[in-house]
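Everything below concerns the one structure shown next.
Coordinate-derived values only; no laboratory data. Being a predicted model, the structure only gives us computed values, none of them experimental. Cβ sites come from the backbone with ideal geometry, for glycine too, and all protein chains shown count toward neighbours.
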Amino acid sequence: MLLSGFPLFFHKNPVFCIICVERRDFMDDTIIIRGGNRLEGVIDLQGSKNSSLPILAATVLVDGISVIHNCPELSDVGAAIKILEHLGCKVKRDGNDLTVDSRFVNACSIPDSLMREMRSSIVFLGSVLGRTGQARLSSPGGCEIGLRPIDLHISSLRAMGVSVDESRGCISCKKEKTHKDTVISLTFPSVGATENIILAAALGKGRTVILNAAREPEIKDLADFLCGCGCKVELTGHGTVTVDAVERAHGTVHRVIPDRIAALTYLSAVAVTGGDVLIKNTDTSHYQTVLPFFERAGCDITDSVDRVRIKMNRRPLALRDIRTMPYPGFPTDAQATMMATACVARGTSVIVENIFEGRFKHVGELVRMGAKIKLEGKVAIVDGVEALYGTRVACPDLRGGAALVVAGLCAKGVTQIGTLSHIDRGYEKLEQCLKNIGADIERCKGK
Ligand code: UD1
């Protein structure tokens, strides 16, 4: 069905555009971007989604009240709050401050309906197990970006003496009374597995050492929160984590770290539109290895500890060789938005996705906007074009959706982006942030 009152011919080929418009009709909210505006101004960065979720899970371990500042208002955070409430916690939100009273945790199982609201709810496995000695929840299964197995979580818990039963999509775990000291050597530095092991090991008895643990800043943030609660979690560098279990965790006040992926999304936005933007309340040490890619693209970057300024006055240059890797390598979560930058760069960029097998779903949507991208397995070859063209596209996943926003900001004409539930999982007030720095962007209510 055609949208009445909505300009249709954004693509240089009108026939192509009519087909696109007829093929899709969004019933839910859409973001509409009139591309081409330079971006100028200041962004006050949101707190980290990927830190907030494990820290909220960690509050289950606390026999007391936790106050968490800088916790963004996101649908994933909302899903985590629902799980906390189901477990018997009382949660209050005041702006970006959350108070979680976990004194009366009274459940050890999480129903399938709550687990399904958020893929990362698997992180509650470790904390519920740690607090109650047992946990029963449904298996998270795959999602938009891949199969996402949890074998490392399960084998690590077993190594810690936890009995685990997996049947009919349900995981039941029971912690043994006597916890022996354990050394777990991860075959891959999985973020979620590292978090689950830390959470499962924090209370009780014994020492757990994780070798080849994930080194993402969000792991340190989780450890800092737990240490604030009286737990003993030490990150000894080079991916070794030592957890000495304590009898009890008490309440604390904690500030979630800034969201490094949101910062990189906004940097990509300015890289494609041109402009001069200052991002405040960030932590540039979390993405020092990524900033050189923006410099290589021709951006002028100046950074201090908690702010980064990007100036861009030209068409981006090709990004050449981007390979996603565990931290401190190039983050898989920034691959899609960086690809949007490569789409309009002068020259050919090569992007290799090493972390998730299904993380190129944005490619098809970018191609609809006029991008020239070839996919060969986990390699994307992006031939930069002079311009992208607005059309109707749908977010394939969270970061793929952000990539479409970046593309829309520089596209000629109007881009209409649907399936926003993905974006709302991870970006707080995305349209407002971009509007504040000069983007012509708005959210329209669905039918
Ligand atoms: C977290 C982040 C996500 C990010 C990812 C990689 C959160 C809420 N999500 O996801 O945004 O993209 O880290 O930086 O913090 N794997 C296994 N077996 C396992 C566990 C993982 O094979 O038991 C594989 C995964 O399929 C994937 C890779 O390891 O291919 C990385 O996964 P992992 O680091 O665990 O990512 P998540 O914690 O799911």
CD proxy, 222 nm, the chain: helix-only mean residue ellipticity via -39,500 (n - 2.57) per DSSP H run with n ≥ 4, per residue, nearest 500, stands at -9000 deg cm²/dmol
The base-10 log of I(q)/I(0) that the Debye equation returns for segment 151-234 at q = 0.17 Å⁻¹, one scatterer per C-alpha, is -0.69
Longest principal axis of the chain (C-alpha) makes with the long axis of helix 217-228 (C-alpha) an angle, in degrees to the nearest 10, of 40 degrees
Normalised per residue, the volume inside the convex hull of the alpha-carbon atoms of the chain in Å³ amounts to 133 Å³
The simple spin-label model distance between Ser113 and Glu166, using points 7 Å out along Cα→Cβ, in nm, is 2.7 nm
Whole-Å distance linking the alpha carbon centroid of segment 261-291 with that of segment 308-345 is 10 Å
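Between Thr348 and Thr99, what length comes free when the chain is fully extended (0.36 nm per residue of separation minus the Cα-Cα distance, one decimal in nm)? Kindly include the intermediate steps, with their values, before the conclusion.
On the way: separation 249, 0.36 × 249 = 89.64 nm, distance 4.87 nm.
So the chain would gain 84.8 nm between Thr348 and Thr99.
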In whole angstrom, the spacing between the Cα centers of segment 94-114 and segment 421-447 equals 28 Å
With R₀ set to 45 angstrom, the calculated FRET efficiency between the beta-carbons of Lys232 and Ile381, to the nearest 0.05, is 0.40
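Quick one: compute a quarter of the convex hull surface over the Cα atoms of segment 28-115 and quote it in nm². List each step's numbers first, then the result.
Numbers: hull surface 31.7 nm².
Spelled out: convex hull of the Cα atoms, projected over all directions, averaged, 7.9 nm².
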So the angle from the long Cα axis of helix 260-273 to the longest Cα principal axis of the chain, reported in degrees to the nearest 10, equals 0 degrees
Counting only backbone N atoms under 18 Å from a point 7 Å out along Cα-to-Cβ of Asn281, the residues of segment 39-75 in range are 41-53, 67-75
With the dipole of the chain defined by +1 on each Lys or Arg Cβ and -1 on each Asp or Glu Cβ, the option from Ala297, Ile310, Thr284 whose Cα lies farthest towards the positive pole is Ala297
Taking only the Cα positions of segment 249-328, the convex hull volume per residue in Å³ is 100 Å³
Helix 191-201: inclination vs the chain longest Cα principal axis, degrees, rounded to 10, gives 20 degrees
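Fewest first, what order do Glu431, Glu353 take by the number of other Cβ atoms within 10 Å? Could you put the intermediate results ahead of the total?
Numbers: Glu431 18, Glu353 23.
Final ranking by Cβ density, sparse to dense: Glu431, Glu353.
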